[in-house]
Amino acid sequence: MLRRLIRFWVYGGFLAAFLLLGLLPVCCRSWSVALILVFLQLPVYMIHQLEEHDDDRFRDFVNRVIGGGREVLSQSAIFVINVPGVWGVNLVSILLAATVDLGFGLIGVYLTVLNGVIHVAQAIRLKGYNPGLITAILLFLPIGGAALWAIHATGKVGLWYDALGLATAVAIHVAIVAYVVANMKRCA
């Protein structure tokens, strides 16, 4: 069963995104616009993940383009990156933003925005499409940008939270690159 969860997680996430969006008017009706935008980072990411990972597109792309045909990114790694690494980080970000301080919402927001910027930069560098590019442009950048604006418009969030959010997003992406590079060296 674990093997099937690792292989097919993206489809459950995609469907769960619409469940979360459907519950939004009931669960979040007393929330500020800024907090709702923090919450939206999770279902938006789940929708993005379908474009990125359906039919193993992203893993195949990385293994072909970066790994030169060698497996430098496994299905298990994709699962860990996306379920605890994206869903879990967003969950913690949302919970902390709702119960401790809105500034913690910048963790999930910067994760979304940085990923969107990376998709666009990669498309420019490679002069073509990469899995996830369309939703990065249509969802990540506008909704992540709106969340950044709304959080800062409250006037209650200091630069420390920006540093925390950006550092967390960069650390997650650096860890993924380090994992791929280590596997490239191992496969060489």
Within the range 90-134, the residues that are touching a residue at least 60 places away in the same chain (Cβ under 8 Å) and charged (D, E, K, R) are ASP101
Counted residues, the range 135-176 - those being among the aliphatic types (A, V, I, L, M), surrounded by fewer than 15 Cβ atoms within 10 Å (Cβ to Cβ) and out of contact with any Phe, Trp or Tyr (no Cβ under 9 Å at 6 or more places or on another chain):
7
For the range 38-57, pairs from a residue that is under 16 Å from VAL80 (Cα atoms) and modelled with pLDDT of 95 or more to a residue that is of a type in the set (Gly, Ala, Ser) and surrounded by fewer than 24 Cβ atoms within 10 Å (Cβ to Cβ), with Cβ under 7 Å and 6 or more apart or across chains, are MET46/GLY13; MET46/ALA16; MET46/ALA17; GLN49/GLY13
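Let's see how each residue does on (1) at pLDDT 95 or above; (2) over 13 Å from the mean Cα position of the chain (by Cα); (3) part of a helix (DSSP H, G or I); (4) more than 21 Å from ARG29 (Cα to Cα):
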site: SER93; (1), (2), (3), (4): yes, no, yes, no
site: GLY103; (1), (2), (3), (4): yes, yes, yes, no
site: TYR110; (1), (2), (3), (4): yes, no, yes, yes
site: GLN122; (1), (2), (3), (4): yes, yes, yes, yes
site: GLY145; (1), (2), (3), (4): yes, yes, yes, yes
site: TYR161; (1), (2), (3), (4): yes, yes, yes, yes
site: THR168; (1), (2), (3), (4): yes, no, yes, yes
Cβ-Cβ distance below 7 Å, separation of 6 or more or different chains: which pairs start in the range 18-34 with a residue that is without any contact (Cβ under 8 Å) to a residue 24 or more places away in the chain and end on one that is in a helix (DSSP H, G or I)?
LEU21/PRO43; CYS28/ILE36; CYS28/PHE39
Failed condition for ASN63, given (1) under 25 Å from ILE137 (Cβ atoms); (2) of a type outside the set (Val, Ile, Thr); (3) touching a residue at least 12 places away in the same chain (Cβ under 8 Å)
(3)
Could you tell me which of the residues PRO84, PRO43 is within 12 Å of the chain's Cα centre (by Cα), surrounded by 15 or more Cβ atoms within 10 Å (Cβ to Cβ) and of a type outside the set (Lys, Arg)?
PRO43
Which one of the conditions (1) modelled with pLDDT under 95; (2) within 12 Å of the chain's Cα centre (by Cα) does ARG70 fail to meet, given that it meets all the rest?
(2)
Helices (runs of 4 or more DSSP H) completely within the range 1-68 that count 3 or more residues being β-branched (Val, Ile, Thr) and more than 15 Å from GLY108 (Cα to Cα):
2-27
Looking only at the range 46-81, and only at residues there that are surrounded by 17 or more Cβ atoms within 10 Å (Cβ to Cβ) and acidic (Asp, Glu), the one that is farthest from CYS187 (Cα to Cα)
GLU51
Need pairs with beta-carbon distance below 9 Å; first residue without any contact (Cβ under 8 Å) to a residue 24 or more places away in the chain and within the range 162-188, second hydroxyl-bearing (Ser, Thr, Tyr) and surrounded by 15 or more Cβ atoms within 10 Å (Cβ to Cβ); sequence gap 6+ or separate chains.
ALA167/TYR110
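The values are calculated or read from the model by the stated rules, or taken from the named source; none is laboratory data. Being a predicted model, the structure only gives us computed values, none of them experimental. Glycine gets a Cβ as well: all are built from the backbone with ideal geometry, and neighbour counts include every protein chain shown.
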